[in-house]
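*Asks:* Have a look at the structure that comes next, please.
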Amino acid sequence: MTALDTEPHSDSHAGVPPRRRRRRPAPNANLFFRFIFPLLVVAAAVVVLLLWREGTKAVLDTTDGREVPLVTDPAEPGFLAFATPTPTMLIAHVDDGDSLVGLTVLARTALDEGATLVILSADMLVGSGEEAVVLGPLYGAEGVVGLERVMGEFFGFGFTDDSMVMDPEALRAWLRLVEPIPFRLDDDLVDVVADGTTSVVIGAGGRAFDAETLAAVYGWRNPTEVDAARFTRQEAVWNAWLAQIAAADDPLAATLPFEDGLPAYLRALGTGDADVSLAPMAPFGFDPERPVYALAEADQDWPAEKALKMVPLPIAHRLGERPRVQVLDGTGDAANRDRMLPVLVGAGAEISVIGNASAFDVTETTVAYHQVRLEAVAVAFAAAIDAPVVFDDDPNQPVDLTVTIGTDVSDE
């Protein structure tokens with residue numbers, strides 16, 4: 001008996017195939033399952049969504065298990081709101097062979113206020129000691145996941161949007177939205193031909209470049225060229241690209257009409273205040289085949305300083321790396337609270353909730369922790385901002401710590 005022949009047959013003999021049963025047509029589906037059941041599934045999903053939203057709101061509206069009236073006026077005591085993290089994104093630029101040719105880190109505070117863009121060399125050494133890695137080989141070994149991890153440690157923030165791997169074909173597609181693009185190429189881009197001599201592939205000079213040529217410029221590296229030269233060309237390509245977006249009659253058509261992902265960053269950079277910069281680097285060691293660069297001694301604080309400017313409200317790059325902090329104004333002047341936000345972020349906070357204390361009569365800034373297990377976290381954080389620690393037994397809080405701003409900050 002074969003594996004498919006699960007029932008005995010009276011006429012089954014060696015060399016004679018068993019009789020096959022005739023297939024019966026499936027009966028028509030019941031009207032309940034065809035029409036009513038799908039509607040019930042959709043309705044149940046809606047109910048679950050509403051319950052989740054109301055439950056989340058209740059967390060913010062509840063003190064010691066007792067629900068309190070929702071405060072909607074940002075100037076009134078007791079007002080609370082979730083803080084929106086600064087959108088951040090990472091782009092790994094690769095060549096046709098999937099080797100890294102550069103890295104771009106983007107951040108935007110709001111669509112109309114512009115954005116920041118930092119370019120890093122594929123030959124940059126990041127980290128220290130045994131943890132130090134060169135970005136190009138790291139991508140080859142671990143892909144974009146490895147870049148996200150190392151850049152998170154380098155800058156101290158995580159990425160809210162999915163990272164993108166941009167190969168020449170993808171870059172051409174983006175550039176076609178705004179071609180031709182005025183661009184000045186300072187040096188000839190050359191290749192080595194069969195007899196060992198060089199041949200000019202893309203000539204130097206200023207002109208209107210099509211998308212295909214400019215995409216080739218972005219990743220090109222001359223045979224005898226160090227990556228610092230390609231690095232600066234990449235900055236020039238970004239500036240030319242963003243200038244075309246700024247000059248476009250329809251920014252949506254120039255960037256694709258989507259609110260998420262790269263289009264939103266391109267519009268913010270093209271139509272708002274754009275900060276495009278290169279990560280500072282100096283030769284770390286000289287290898288004729290592949291020079292390596294790293295932060296100079298004088299630039300060791302640059303990543304943290306840059307991160308604080310480009311990402312006002314970061315998320316942690318690793319779970320638990322930053323304590324989730326609720327920041328409350330206890331003075332009646334929200335400006336006191338807002339001035340403290342960069343200080344708190346610089347001390348390592350992930351700002352999750354912003355609002356007001358239950359009353360505006362607080363004279364001393366405090367750091368409260370709501371679960372006993374968080375005492376050490378609170379003590380370390382409070383020491384960083386020079387504030388006393390208090391225990392507020394409230395395990396239902398959606399945050400690790402609550403920082404209440406007192407009038408002592410306005411006296412400083």
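*Asks:* Would you mind stating whether F155 is open to solvent by 20 Å² or more (accessible area, probe 1.4 Å), over 30 Å from G330 (Cβ atoms) and in contact with a helix residue (DSSP H, G or I) (Cβ under 7 Å, 6 or more places away or on another chain)?
*Replies:* Working: open to solvent by 20 Å² or more (accessible area, probe 1.4 Å): no; over 30 Å from G330 (Cβ atoms): yes; in contact with a helix residue (DSSP H, G or I) (Cβ under 7 Å, 6 or more places away or on another chain): yes.
Answer is no for this residue.
*Asks:* What's the number of the only condition in (1) more than 33 Å from the chain's Cα centre (by Cα); (2) surrounded by fewer than 16 Cβ atoms within 10 Å (Cβ to Cβ); (3) within 23 Å of P74 (Cβ to Cβ) that P398 fails to meet?
*Replies:* Answer for P398: the failing condition is (1).
*Asks:* Now for a different question. Just to confirm my filter: which strands (runs of 3 or more DSSP E) fall fully inside the stretch 175-284 and include at least 2 residues that are in contact with a Phe, Trp or Tyr (Cβ under 7 Å, 6 or more places away or on another chain) and of a type in the set (A, V, I, L, M, F, W, C)?
*Replies:* Working: elements: 181-185, 189-192, 198-202, 205-209, 274-278.
Counting at least 2 such residues, we get 181-185, 274-278.
*Asks:* Find all pairs meeting these conditions: Cβ atoms under 9 angstrom apart; at least six residues apart or on different chains; first residue within the stretch 164-192 and free of Cβ contacts under 8 Å to residues at least 12 places away in the same chain; second residue open to solvent by 30 Å² or more (accessible area, probe 1.4 Å) and in a strand (DSSP E or B).
*Replies:* A170/M164
*Asks:* Please determine whether any residue of the stretch 258-271 is modelled with pLDDT of 90 or more, surrounded by fewer than 20 Cβ atoms within 10 Å (Cβ to Cβ) and either more than 27 Å from F157 (Cβ to Cβ) or small (G, A, S) (or both).
*Replies:* Yes: one or more hits.
The values are calculated or read from the model by the stated rules, or taken from the named source; none is laboratory data. Computed from a predicted structure; not experimentally measured. Note: ideal-geometry Cβ built from the backbone for every residue, glycine included; neighbour counts use all protein chains shown. Ligands, DNA and RNA are stripped out before the accessible areas are found, and what is left, the full protein with its side chains, is counted by its heavy atoms. Shrake-Rupley method; radii C 1.70, N 1.55, O 1.52, S 1.80 Å.
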